[in-house]
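Below you'll find the structure, written out as structure tokens, and then a few comments.
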Amino acid sequence: MKRKRIYEGKAKVLYEGPEAGTRVQYFKDDATAFNNQKKGVITGKGVINNRISEHIMTMLNDIGIPTHFIRRLNMREQLVKEVEIIPLEVVVRNVAAGSLSTRLGIPEGTALPRSIVEFFYKADELNDPMVTEEHITAFGWASPQDIDDVMALALRVNDFLIGLFLGVGIRLVDFKMEFGRLWQGDEMRIVLADEISPDNCRLWDFRTNEKLDKDRFRRDLGGAAEAYQEVARRLGILPEGGPRDMKGPEVMQ
Ligand code: UDP
């Protein structure tokens, strides 16, 4: 099938969808870190992230958090609504790690007094610099109302995900979201876009603190593919054998 490629990112490709106002999101196995300086492949990652993101977005839609997700199409693709992406990476943190620990000298693993929301301007050539609401509104990337909506949604998603992961023995340390503007006639609403998967979350085993996310790749810890599978398995969306023998949704005992 020939279709127009809209955009190719580091981990996904976006194609024109079958109907107006839709897009197809294709999940690759490619992994990058440190703004593209480190490149590799995590075998089966695309298949697993497609499933994990489907699982999470479906539940978010069910509890009234609007997302771009429509449905999964096949092993590596999902149908999503066309949105105008707000050029921000919205990070919510519950436990100190990564750039927050480096920047502020707070040891990794320190519980934060409350969830902290940070904004980064999406610009690879600038290394995604951290920005404040002042920059965002002054440069017109989002309005004060957009920011209020994004903050409220981000914190609701965080509360939901903390509980979801806690239920399967995983601590949600931090994660990144992207939001988009969904236009319906003259009406606009902000919806969750992109993906939620171990590529953009820090997930630590609750008991052992073992990392079950992309830090295994970033920090050369090994076992990234297995860690992603473990997250999917705990969420009940991956049969024991791994991504190759996935047929359809299956409830784990
Ligand atoms: N993150 C992401 N994409 C990025 C940068 C960060 O998905 O380009 C996620 C990352 O996986 C982590 C959270 O955002 O869950 C916070 O990342 P941090 O700012 O600590 O940056 P990092 O240490 O990953 O450079």
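The values are calculated or read from the model by the stated rules, or taken from the named source; none is laboratory data. Treat the numbers as computed from the prediction; the structure is a model and nothing was measured. All Cβ positions, glycine included, derive from the backbone under ideal geometry; neighbour counts span all protein chains shown. The accessibility values were calculated without ligands, DNA or RNA, using every heavy atom of the protein model including side chains. Shrake-Rupley method; radii C 1.70, N 1.55, O 1.52, S 1.80 Å.
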Quiz item: Can you name the condition, by its number, that PRO144 falls short on among (1) surrounded by 13 or more Cβ atoms within 10 Å (Cβ to Cβ); (2) without any contact (Cβ under 8 Å) to a residue 40 or more places away in the chain?
Solution: (1)
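Quick grid of which residues meet (1) away from the ligand (no atom under 16 Å from the Cβ); (2) at pLDDT below 95:
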site: ARG181; (1), (2): yes, no
site: GLY185; (1), (2): yes, yes
site: ARG189; (1), (2): yes, no
site: GLU195; (1), (2): no, no
site: LYS211; (1), (2): no, no
site: PHE217; (1), (2): no, no
site: GLN229; (1), (2): yes, no
site: ALA232; (1), (2): yes, no
site: LEU235; (1), (2): yes, no
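Quick one: count up the residues across segment 98-111 that are within 7 Å of the ligand (Cβ to nearest atom), at negative phi and either among the basic types (Lys, Arg) or in contact (Cβ under 8 Å) with a residue 40 or more places away in the chain (or both).
Going through segment 98-111 one residue at a time, the tally reaches 1.
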Self-check item: Extreme residue, farthest from GLU82 (Cα to Cα), among residues of segment 2-36 that are aliphatic (A, V, I, L, M) and in a loop (DSSP other than H, G, I, E, B)
Solution: ALA11
Quiz item: In segment 183-217, how many residues are open to solvent by less than 10 Å² (accessible area, probe 1.4 Å) and over 24 Å from ILE86 (Cα atoms)?
Solution: 4
Exercise. Identify the residue in segment 115-137 that is open to solvent by less than 80 Å² (accessible area, probe 1.4 Å) and more than 16 Å from the ligand (Cβ to nearest atom) and, among all such residues, is farthest from ASN36 (Cα to Cα).
Key: THR137
Quiz item: Is it the case that some residue within segment 69-91 is within 14 Å of the ligand (Cβ to nearest atom), open to solvent by 80 Å² or more (accessible area, probe 1.4 Å) and free of Cβ contacts under 8 Å to residues at least 40 places away in the same chain?
Solution: no
Quiz item: In segment 99-114, which residue that is among the hydrophobic types (A, V, I, L, M, F, W, C) and part of a helix (DSSP H, G or I) is least open to solvent (accessible area, probe 1.4 Å)?
Solution: LEU100
Quiz item: Based on what the data block shows, is LYS12 touching an Asp or Glu at 6+ places or on another chain (Cβ under 9 Å) and within 14 Å of the ligand (Cβ to nearest atom)?
Solution: yes
Practice problem: Would you check if there is a residue in segment 153-172 being part of a loop (DSSP other than H, G, I, E, B), among the small types (Gly, Ala, Ser), more than 11 Å from the chain's Cα centre (by Cα) and more than 13 Å from the ligand (Cβ to nearest atom)? | Solution: yes
